[in-house]
Amino acid sequence: MTHVRRAANLTELATLVDAATGPVIVSGTDLVAHTAVLRHLATSPVGPTVALVLTDPPAPGQAVVREERGQVVDAGPDGRLDGGQTGVFGGALRVGRDDLPALAAAARAAVAGTPIAGTDPAAVAGTPPAAGPEAAGSAVDRLFTGLTALGTLTFAHRVRLLVAHRVADPAGLAAAEAAVAAVDEDRAELRLSVKEKDDFFTTFFVSTWSPYVTKASAKLGLTPTGVTAISVLFAAVAAVLFGVGGRPALVTGAVLLYLGFMLDCVDGQLARYTRHFSAWGGWLDTMADRAKEYLVYAGLGYGATAAGFRYGWALAVAAMTLQTVRHMTDTWYGVLHDEAARRPKAVGGGGGGIGDRLNAASTRVQADTGSLSYWLKRTVVFPIGERWALIALTVALFGPLVSLVAVLTWGVLAFAYTGALRTLRARWMWVPVLDTVDATLHRDDGPIAARFPVLRPMGPLTLAVLGALGPAALLVAAGLRVRAGDEAGGLAWAVPVALLVLLVAALGAGAAHNGPLDWLVPAALRAGEYLFAIAAGVVGGAPAWVVFGYVFVLTLHHYDLTARLEKRQAAPPLHGATLGWEGRSAVLAVAAFAGFAGIAMATLGAYLLVVFVGSVVLAWVVLPARARRGVGVPAGGEVRQPG
């Protein structure tokens with residue numbers, strides 16, 4: 001923020017907003033807060049438009065809000081939300097550049113006391129038009145209520161440890177100023193760098209001491225990206241030690257893995273402590289987390305194989321595939337929840353029932369912070385902290401084989417648990433999430449799928465699941481032959497058949513993805529492609545480590561897509577060169593049938609890796625530099641939300 005202007009009224013504010021070319025912070029005159037509160041609001045990475053939300057009781061004329069998943073889904077004067085409010089508007093908000101026209105429109109509508117087209121008049125002015133705009137409350141509250149009524153996606157920024165109050169009289173002002181002076185701002189900011197709600201292992205075994213490392217990192221001048229790089233190095237060395245084997249190497253690797261995870265927490269804490277957020281940092285944090293974990297799986301797979309277990313690499317591939325498909329469902333279920341929050345009237349379209357009760361129960365558990373049920377719910381889903389803790393403990397005590405089996409067992413149980421509950425809740429919410437994005441992009445369809453006819457009656461999810469059954473059957477058959485001592489190459493004739501079954505999923509590419517469970521389509525397509533690649537590798541006699549490497553490159557490509565989805569960014573620059581899931585599968589089918597699956601898999605994997613790296617360089621180096629030279633865009637674009 002480079003300019004501070006005082007607007008005498010909402011008309012003048014609208015004029016100032018019309019001339020603005022970047023984000024704008026609007027604050028009322030009754031807010032007393034630490035400067036860090038406004039700094040956090042200005043730099044919040046959760047979204048372009050963010051509102052300050054307080055827990056104070058609402059004063060006359062102040063707007064109250066209702067939040068879901070951190071989003072403001074409704075706002076209005078006290079009483080209009082029928083007791084459903086979760087907080088009170090704090091009198092300050094940051095509005096992103098793309099939302100500035102809506103802010104100006106809300107300001108002018110509040111001045112005129114007229115409703116905005118397509119909205120409820122009471123939602124905009126806070127009172128029927130006949131009562132006049134002045135009766136609706138303070139200017140900033142009427143402005144915020146109008147902006148919310150326009151449907152602007154607004155995130156809530158809560159104040160913890162620091163102080164922020166809206167005051168109405170000299171006594172309130174004196175009390176608020178005393179509260180501000182009583183807080184050590186830097187110490188509070190260091191504590192705020194730790195996530196408010198994290199997983200059990202992270203909360204009690206990492207975050208209790210990681211802030212000291214965060215403080216030291218800040219004094220040393222380290223950046224969040226630098227800390228991320230160090231954590232990757234620790235994980236890579238741990239993976240090598242797991243592959244080497246021997247008790248000293250395994251124990252040392254477990255310690256390095258724990259320290260690497262601690263640093264993975266520190267990079268996010270350092271970003272929040274220094275307010276050093278960036279789109280690049282957020283993307284890198286997401287990609288590094290997965291790359292580190294899968295490198296560790298590779299080390300465990302190699303170590304188990306070297307120790308004499310025949311299927312060590314197979315377990316590693318299975319763990320990586322399972323975790324990636326789980327993450328795909330996590331991502332799209334999150335999108336589902338966000339869409340349901342933005343469109344609350346659509347919730348309940350499935351008729352309530354068990355989904356309604358599950359949703360209410362989940363909300364109660366999440367609100368009961370620190371209870372046994374709260375920690376059980378957060379732990380049973382097998383989050384990253386628990387995964388790394390389980391790997392470190394089991395590999396140090398028992399070895400790589402037990403570690404992989406433990407990860408797979410807990411992962412399968414967690415997947416079954418979350419999948420069942422989310423399916424029931426999704427049917428209750430009944431929100432078509434894939435209608436809001438480029439479904440072709442997130443399906444990862446290629447040119448072949450675009451030419452397939454559309455089989456609408458069956459739906460894209462049914463087709464995707466049916467498509468995955470062919471590769472799954474081929475993989476099971478190949479595995480049984482290998483276990484019996486036969487050559488899996490005798491099933492080469494079945495590879496084209498499995499490909500044809502897989503391509504059934506392409507019949508849903510052009511259909512509307514608006515079913516209550518169609519958020520599962522991307523995950524089902526990932527599962528189908530990975531299963532087919534593994535089966536083709538087994539039948540074609542490809543080395544196990546080549547199969548692992550190829551699937552690893554595929555996961556990088558798919559995590560790139562989901563990371564961009566979460567950061568609200570465009571497709572990778574070279575996405576069209578990745579051939580699509582069906583194109584890549586067709587290439588592998590030809591190679592496996594012809595008997596050179598290993599060479600083809602290594603070549604295709606290397607090609608995809610080059611395309612991935614090229615997209616990264618273009619997206620984060622070349623295109624931003626070109627934009628700065630051509631348009632004069634300042635460097636920054638700060639939207640990092642690391643772990």
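Numbers at a glance
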quantity: Phe382, sole failed condition from (1) farther than 30 Å from Ala238 by Cβ; (2) part of a loop (DSSP other than H, G, I, E, B); (3) touching a helix residue (DSSP H, G or I) at 6+ places or on another chain (Cβ under 7 Å); calculated: (1)
quantity: Criterion violated by Ala492 - all others in (1) surrounded by fewer than 13 Cβ atoms within 10 Å (Cβ to Cβ); (2) more than 36 Å from the chain's Cα centre (by Cα) satisfied; calculated: (1)
quantity: Pairs where the first residue, in the range 191-210, is more than 24 Å from Arg69 (Cβ to Cβ) and the second is in a helix (DSSP H, G or I), C-beta under 6 Å, 6+ apart; calculated: Val206/Met262; Val206/Cys265; Ser210/Met262; Ser210/Cys265; Ser210/Val266
quantity: Criterion violated by Ala14 - all others in (1) surrounded by 20 or more Cβ atoms within 10 Å (Cβ to Cβ); (2) among the hydrophobic types (A, V, I, L, M, F, W, C); (3) free of Cβ contacts under 8 Å to residues at least 40 places away in the same chain satisfied; calculated: (3)
quantity: Members of the range 29-76 found to be under 19 Å from Leu100 (Cα atoms), part of a loop (DSSP other than H, G, I, E, B) and modelled with pLDDT of 90 or more, listed by number; calculated: Ser44, Pro48, Thr49
quantity: Conditions (1) crowded, with 20+ Cβ neighbours inside 10 Å; (2) more than 22 Å from Ala542 (Cα to Cα): number failed by Ala600; calculated: (2)
quantity: Any chance Glu134 is surrounded by fewer than 16 Cβ atoms within 10 Å (Cβ to Cβ), in a helix (DSSP H, G or I) and modelled with pLDDT of 90 or more; calculated: no
quantity: Test: Gly528 is modelled with pLDDT of 95 or more, buried (at least 24 other Cβ atoms within 10 Å of the Cβ) and either within 29 Å of the chain's Cα centre (by Cα) or aromatic (Phe, Trp, Tyr) (or both); calculated: yes
quantity: Residue within the range 500-508 that is at pLDDT 95 or above, among the hydrophobic types (A, V, I, L, M, F, W, C) and either farther than 20 Å from Ala586 by Cβ or surrounded by fewer than 18 Cβ atoms within 10 Å (Cβ to Cβ) (or both) present; calculated: yes
quantity: Residues that are free of Cβ contacts under 8 Å to residues at least 24 places away in the same chain and aliphatic (A, V, I, L, M), drawn from the range 211-228; calculated: Ala216, Leu220
quantity: The range 385-427, residues that are surrounded by fewer than 19 Cβ atoms within 10 Å (Cβ to Cβ) and not in a helix (DSSP H, G or I); calculated: Phe398
quantity: Search result, residues across the range 73-99 that are open to solvent by 10 Å² or more (accessible area, probe 1.4 Å) and aliphatic (A, V, I, L, M); calculated: Val73, Leu81
quantity: Pick from the range 311-339, criterion among the hydrophobic types (A, V, I, L, M, F, W, C) and within 11 Å of the chain's Cα centre (by Cα), ranking: most open to solvent (accessible area, probe 1.4 Å); calculated: Val335
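The values are calculated or read from the model by the stated rules, or taken from the named source; none is laboratory data. Just so it is clear, the model here is predicted, and its values are computed rather than measured. Ideal geometry is used to build each Cβ from the backbone, glycine not excepted, and the neighbour counts take in all protein chains shown. For accessibility, only protein heavy atoms count, side chains too; no ligands or nucleic acids. Shrake-Rupley method; radii C 1.70, N 1.55, O 1.52, S 1.80 Å.
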